[in-house]
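Shown next, in structure tokens, is the structure this report addresses.
The values are calculated or read from the model by the stated rules, or taken from the named source; none is laboratory data. Given the structure is predicted, the values throughout are model-derived calculations rather than measurements. Using ideal geometry, Cβ is built from the backbone for each residue, glycine included, and neighbour counts are taken over all protein chains shown.
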Amino acid sequence: MNAGRPHGNAKYHLEKCRCYQCCYAASEYDRNRRRAIAYGRWQPFIDAEPIRQYVHALGEFGIGWMRLARLSGVPRGSMSRLLYGDPTRGTAPSQRVRAKTALAILAVQPTLDNLGARARIDGTGTRRRLQALVAAGWTQSELARRIGVDSANFSRTITSDLLRAATVRAVNALYDELWRINPVEAGVPSHRAAAARQIATSRGWAPIGAWDDEQLDDPDAFPDWTGFCGTPQGRRAHYRARVPVCPPCSQAANQTAAA
Ligand SMILES: [Zn+2]
Ligand SMILES: [Zn+2]
């Protein structure tokens, strides 16, 4: 693993750090981008400096300027003049930039699809997806084979805090493909599927049904095992379903007892 990304906008988005410095940097980044977009909408040329700042901000996400040229459709020559000027003619970086060029650059955002394959990002959603598939009876070796990693790598993937963007993309695609398929019907021997489910139960890995899709990647979200998790009714629902009580349910029960 790399030595660690400094606190700032990229760490806010990629590792979901919510410290003051990261939150401040993220709001500055947003403000800069919005303002530049607003200017670009009603002026033919705009100040190049905020656009350069945006290009550098994307660099923190592992999106280099050549890749940005490809993603935005802005010719490399224009991109290079914007950033570095033209050394052969001795000109400095452009002071102003065509609004059309600026808007094309600003339209490129550091979404999961645009990140460099090796960029390290928060692994929360990936961990939950893999754990839920194991809870459904997909064996870890079968999942590893389908993502194309060896078993040592897979054990890291299913527990790591930070993962490569390429791994996150691969697991998202795999989950979308497998979540509604019965592993035994897909060829996983039934005793191995049962063993996988057993492992998930013993480690407290939440099943597919405990997650809303939009919560999978939210580090603050917790799985709803019972339909009542996090409420005062949750603990009893766990007993009825014979599922060990989850932390939000024991917390809710303690609060009710204390009140
Ligand atoms: Zn931070
Ligand atoms: Zn619960």
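Among the residues of region 82-99, is there at least one that is acidic (D, E) and in contact (Cβ under 8 Å) with a residue 40 or more places away in the chain? Checking region 82-99: not a single residue is acidic (D, E) and in contact (Cβ under 8 Å) with a residue 40 or more places away in the chain. Among residues of region 3-43 being surrounded by 13 or more Cβ atoms within 10 Å (Cβ to Cβ) and on the phi > 0 side of the Ramachandran plot, the one that is nearest to ligand 2 (Cβ to nearest atom) is K16.
Right, Y239: assigned to a helix (DSSP H, G or I), out of contact with any Phe, Trp or Tyr (no Cβ under 8 Å at 6 or more places or on another chain) and without any contact (Cβ under 8 Å) to a residue 12 or more places away in the chain or not?
Working: assigned to a helix (DSSP H, G or I): yes; out of contact with any Phe, Trp or Tyr (no Cβ under 8 Å at 6 or more places or on another chain): yes; without any contact (Cβ under 8 Å) to a residue 12 or more places away in the chain: yes.
The answer is yes for Y239.
Evaluation of A117 against the conditions (1) touching a Phe, Trp or Tyr at 6+ places or on another chain (Cβ under 6 Å); (2) under 30 Å from F154 (Cα atoms); (3) surrounded by fewer than 17 Cβ atoms within 10 Å (Cβ to Cβ) shows that the sole unmet condition is (1). Quick test of your reading of the structure: A196 fulfils all but one of (1) within 16 Å of ligand 1 (Cβ to nearest atom); (2) in a helix (DSSP H, G or I). Name the failing condition by number. The single condition A196 does not satisfy is (1).
You will find that of G137, G187, the residue that is free of Cβ contacts under 8 Å to residues at least 60 places away in the same chain and either within 16 Å of ligand 2 (Cβ to nearest atom) or not in a helix (DSSP H, G or I) (or both) is G187 and no other.
The residues listed here are I199, I208; of these, the one that is closer than 25 Å to G137 by Cβ, more than 9 Å from ligand 2 (Cβ to nearest atom) and in contact with a Leu (Cβ under 8 Å, 6 or more places away or on another chain) is I208. Among the residues of region 1-42, those identified as without any contact (Cβ under 8 Å) to a residue 24 or more places away in the chain and in contact with a Phe, Trp or Tyr (Cβ under 6 Å, 6 or more places away or on another chain) are C22, A26. Between L71, L133, the distinction of being among the hydrophobic types (A, V, I, L, M, F, W, C), surrounded by 18 or more Cβ atoms within 10 Å (Cβ to Cβ) and modelled with pLDDT of 95 or more belongs to L133 only. Could you list, in sequence order, the residues of region 1-42 that are away from ligand 1 (no atom under 14 Å from the Cβ) and outside any helix (DSSP H, G or I)? Correct list: M1, N2, A3.
A57 satisfies every condition listed in (1) surrounded by fewer than 18 Cβ atoms within 10 Å (Cβ to Cβ); (2) within 16 Å of ligand 1 (Cβ to nearest atom); (3) assigned to a helix (DSSP H, G or I) except (1).
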